[in-house]
1. Which length gain, in nm to one decimal place, applies between Glu34 and Ser64 when the Cα-Cα distance is subtracted from 0.36 nm times their residue separation?
2. Length gain on complete extension for the stretch Lys6 to Ser52, per 0.36 nm per residue less the alpha carbon to alpha carbon distance?
3. Can you give the local net charge around Asp48? Use residues other than it whose beta-carbon is closer than 15 angstrom to its beta-carbon, Lys and Arg +1, Asp and Glu -1.
Amino acid sequence: MKVIVKKTTTMLLIASATLALSACGTIKPVQPWEKGNLAKTAMTFENDRLESRYGEHIYTSRESASGGAGVGGGGCGCN
């Protein structure tokens, strides 16, 4: 019985240490010279413009609403 408790305690200790140490990383900000890689068409969700326009048209027709997919702005002239 003591062997099972000792093994369970050891496994819980290892699991807790692994969980605690897994979040010790830092997030590196994007450097200015790396922003060109993020602007490539391969990094977009929809790299086919015609397909994205078609999907937007279907969504607009289905939801009976438009907007919200492009550049923000309103009629107040704030932007």
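Quick note: the coordinates plus some simple rules give every number you see, no bench work behind them. Owing to the predicted nature of the structure, the values given are computational and were not obtained by experimental measurement. FYI the Cβ positions are ideal-geometry reconstructions off the backbone, even for glycines, and counts take in every protein chain you see.
1. 6.8 nm
2. That works out to 10.7 nm of additional length.
3. 0
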